[in-house]
Each structure stands twice: as structure tokens, then as C-alpha cells.
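A quick write-up on the structure given underneath.
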Amino acid sequence: MELTLDPKMRDAALNVCEEMIAHMKTCEFAKTKTYKKHCTTGHAKDPNIKFDAVNGVVDINVALKKAISTFMTYGASVNEKSPKQVLESTIFMKMFFYAESDKANFDKLLKEEEFEDIAFALVSGTRSPAPMIVQHRLICGYGSIKKIDGKVYMCAKNLECPALAGYVTGNLINSTIILEDVAGKTRVTQFQLCDPSGNIPGWIYNTALDARNDILLLLKGFLEGEIKPEF
């Protein structure tokens with residue numbers, strides 16, 4: 001699936017991180033718990049939305065630039081050549097860039113080099129565990145990758161996009177990934193709030209939210225050598 005971007009939207013995309021950070025501050029965070037030994041997770045509530053957000057944190061014993069490069073390598077482009085472990089939850093994901101400079105800076109990021117702010121859009125197909133009952137979800141978003149106060153943020157919010165057969169189009173309210181150096185290790189934090197649309201009851205969706213942290217644990221396993229990517 002392809003997206004056609006409006007270059008006039010680039011400035012708006014670059015401001016999405018600040019907007020998403022401000023939104024997180026308006027949410028009420030619940031008590032955290034440990035998920036699968038290595039992840040600290042909890043839900044958060046936007047009073048205007050019936051679906052919860054999930055907030056997860058993992059620490060990875062690897063340098064920050066390496067973590068950023070690996071996260072973007074496996075997470076920003078998902079296709080039939082991606083590791084099988086990634087394809088268990090994501091059918092496809094593709095990033096698009098508002099300007100040539102954005103793509104050039106993204107390439108620097110992948111090479112573990114210094115980079116400037118990046119404006120992007122993305123389209124993602126999320127796999128349903130029971131597609132005969134609940135259809136796969138299509139998510140489109142736009143936003144930015146930038147450094148704020150020594151941390152690297154990747155933030156996105158909803159972007160209108162064409163329908164795709166076999167998918168229900170969800171509404172991405174806030175997707176924020178934060179990568180930061182903590183005593184030589186990398187701390188990865190995610191905040192994900194999405195309205196899946198369709199006929200999914202809120203309580204069912206909220207119950208399954210913790211599994212969204214599996215992608216963080218997979219990244220940790222890849223980087224620390226506990227999990228070998230399977231192709």
C-alpha cells in the first residue's frame with residue numbers, strides 16, 4: 001500500500017512529538033506491574049476515550065545508537081523478508097518521508113550516525129489473532145523522529161488513508177516511542193493509544209493491551225542475543 005504525502009504537511013509532522021508529549025501529560029496513569037519479567041507496564045486513561053493506552057518500559061544492555069538503529073531496521077519496515085517473530089503481530093509496515101532530507105537523515109540513523117529531525121508517515125497492517133472473528137487492523141499515521149532533552153522520540157498520530165480490503169481502519173490517537181541512555185544502557189518506553197474501530201468492546205481491547213509490549217521484549221531479545229531473528 002502506498003501513501004501520497006502533501007509536502008505542506010511537513011511542518012505539522014515535525015510538531016507531532018511535542019503534541020503527543022503534551023497529550024500524555026493529560027492522561028491518568030494506573031499502577032504499573034511487571035510483564036514477562038523484563039517489562040514494566042501499565043495502562044493510562046484519556047477521559048474522552050473508552051479505550052485504554054498502554055505504557056511499557058524495558059531496559060536493554062546495549063548502546064543507544066545501536067538500539068535506535070535496530071529498532072528502526074526491524075520496526076519501520078515490515079514485509080515478507082522480516083523476521084518471523086515480527087510477522088507474528090505485524091503483517092506489513094512501510095514508512096514514507098516528506099522530503100529527501102528526511103530520508104537522508106533516516107539513513108544516517110540506521111548507520112548509527114548523528115541525524116536531524118525527520119518528518120515521516122507510515123502505514124501498518126496489524127495481525128488479528130483470530131481473523132475469522134476480528135479483522136486485521138490498518139493504521140496510518142504521520143509524525144516525526146527527533147531529539148528532545150537528550151532523548152530520541154518517534155511520535156505519530158492518525159493520518160487519513162484509503163481503505164484496504166480485509167482490514168478495518170483504526171484511529172491512531174497517540175503513538176510515542178522514547179529511547180534514552182541510562183548509565184550506558186538503553187531504556188525504551190512506549191505509549192500507545194488507538195481506537196481500533198469496528199465492533200470490539202472496550203473491555204476486551206483493554207484486557208489484551210499488555211501484549212503490545214511484546215515488541216519491546218523482542219527488541220531486547222534481539223539486541224542482547226537471547227532471541228535469534230528467524231527468516
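What follows is calculated from the coordinates using simple rules that are stated; it is not laboratory data. No experiment lies behind these values; they were computed from the predicted model shown. Note that each Cβ is placed from the backbone with ideal geometry, even for glycine, and that neighbours are counted across all protein chains shown.
Think of it this way: in the chain, Cys27, Cys39, Cys194 stand alone, with no other Cys Cβ under 4.7 Å. Sequence-distant contacts, meaning Cα pairs under 8 Å at least 6 residues apart, place the relative contact order of the chain at 24 percent.
Remark: the Glu114-Asn79 segment gains 9.9 nm on full extension, using 0.36 nm per residue and subtracting the alpha carbon distance.
Under the simplified labelling scheme, the Trp203-Lys147 pair shows an inter-label distance of 4.8 nm, with each label point 7 Å from Cα along Cα→Cβ. Counting Lys +1, Arg +1, Asp -1, Glu -1, what net charge surrounds Phe51 among other residues with beta carbon under 10 Å of its beta carbon? Computed value for this residue: -1. Excluding same-chain neighbours fewer than eight residues apart, the aspartates and glutamates reachable from Lys103 by a Cα-Cα span under 12 Å are Glu116, Asp117. Neighbour counts of other Cβ atoms within 10 Å put Phe231, Phe71, Phe96 in the fewest-to-most order Phe231, Phe96, Phe71. Per the Debye calculation on the stretch 1-92 with a single equal scatterer at every Cα and no solvent contribution, log₁₀ I(q)/I(0) for q = 0.14, 0.22, 0.23 Å⁻¹ amounts to -0.88, -1.25, -1.21. Overall shape of the stretch 7-224 was characterised from the C-alpha gyration tensor. The equivalent ellipsoid obtained from it has semi-axes of 24, 21, 18 Å, in decreasing order.
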